[in-house]
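The structure under discussion appears below in the form of structure tokens.
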Amino acid sequence: MKLVFATHNQNKFNEVKILMPKAIELISLTDLKCYDEIPETGATLEENAKLKADFVTKNYELPCFADDTGLLVDALNGAPGVFSARYAGPLKDAHANMDKLLGELDTKTQREAHFKTVIALNFNGKTTLFSGRVYGEITLQKSGDKGFGYDPIFRPNGYQQTFAELPLAIKNSIGHRGKAIQQLITFLGAL
């Protein structure tokens, strides 16, 4: 089965592709030659995931899923949340986002946070949502060179390393996106 993952983010695509069973041929927006920047104007992660999936379904008529992920920091009342990718501005600069977040937490001792991923799957004329969370804390400084986004400053509960220091197999098994993708795979396997 051919399934579109509505993303331009190659790191995210590669992270998800290794989880997919061989029966699913995963293709990206780049594979579709879709270079449009799909607007993420929703007020929630669920709305943004659905907007992206609906764009592909409408324009390419292929089974598709899209995700939206937010980092929610307790001491910042859930910010950056839905604005995680654009926290420091519209350029979606991961280092600028991390620097801004670390600056805002500079004087705070409460550093608990969690990642939440929501996936919207458009399949056979229906939309189904899946979600995954991972809890942890924001570190005092960046550490590690694996992963992407906020991975160098997020340490999951039960681990001494950040997501950017952990092997991808561990990140996928405990992480927000991996949990949501496993739900998606289980759902597709039951069809």
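The values are calculated or read from the model by the stated rules, or taken from the named source; none is laboratory data. Model, not experiment: these values are computed from the prediction. Cβ sites come from the backbone with ideal geometry, for glycine too, and all protein chains shown count toward neighbours. With ligands, DNA and RNA removed, areas are computed over all heavy atoms of the protein, side chains included. Shrake-Rupley method; radii C 1.70, N 1.55, O 1.52, S 1.80 Å.
Residue selection: I138 satisfies the criterion of being over 30 Å from D54 (Cβ atoms), aliphatic (A, V, I, L, M) and touching a residue at least 60 places away in the same chain (Cβ under 8 Å). The residues on offer are G132, G147, G136, and the sole one that is modelled with pLDDT under 95, within 21 Å of N11 (Cβ to Cβ) and either in contact with a Phe, Trp or Tyr (Cβ under 8 Å, 6 or more places away or on another chain) or open to solvent by less than 40 Å² (accessible area, probe 1.4 Å) (or both) is G147. For T57, the conditions (1) assigned to a strand (DSSP E or B); (2) open to solvent by 10 Å² or more (accessible area, probe 1.4 Å); (3) not basic (K, R) are fulfilled apart from (1).
The residues listed here are F130, F163, F123; of these, the one that is of a type outside the set (G, A, S) and touching a residue at least 60 places away in the same chain (Cβ under 8 Å) is F123. If you check T30 against the conditions, is it open to solvent by 20 Å² or more (accessible area, probe 1.4 Å) and under 15 Å from K116 (Cα atoms)? No: the conditions fail for T30.
The residue list F65, F115 contains one member that is within 18 Å of K2 (Cβ to Cβ), touching a residue at least 24 places away in the same chain (Cβ under 8 Å) and crowded, with 19+ Cβ neighbours inside 10 Å, which is F65.
Show the residue pairs that are 6+ apart or on different chains and have beta-carbon atoms under 6 Å apart, the first residue being within segment 20-41 and among the acidic types (D, E), the second being surrounded by fewer than 16 Cβ atoms within 10 Å (Cβ to Cβ) and not in a loop (DSSP other than H, G, I, E, B). Close Cβ pairs satisfying both conditions: E25/K2. Taken together, A23, A49 contain a single residue that is touching an Asp or Glu at 6+ places or on another chain (Cβ under 9 Å) and either outside any loop (DSSP other than H, G, I, E, B) or exposed (fewer than 14 other Cβ atoms within 10 Å of the Cβ) (or both), which is A49. Scanning segment 60-90 for residues that are within 21 Å of F148 (Cα to Cα), of a type in the set (A, V, I, L, M) and either touching a Pro at 6+ places or on another chain (Cβ under 7 Å) or outside any helix (DSSP H, G or I) (or both) returns A66, L71, L72, V73, A79, V82, A88. Residues that are assigned to a strand (DSSP E or B), within 15 Å of R177 (Cβ to Cβ) and either touching a Phe, Trp or Tyr at 6+ places or on another chain (Cβ under 6 Å) or at pLDDT below 95 (or both) do not occur anywhere in segment 6-17. Here L184 meets each of (1) buried (at least 17 other Cβ atoms within 10 Å of the Cβ); (2) under 26 Å from E46 (Cβ atoms); (3) touching a Gly at 6+ places or on another chain (Cβ under 9 Å) with one exception, condition (3).
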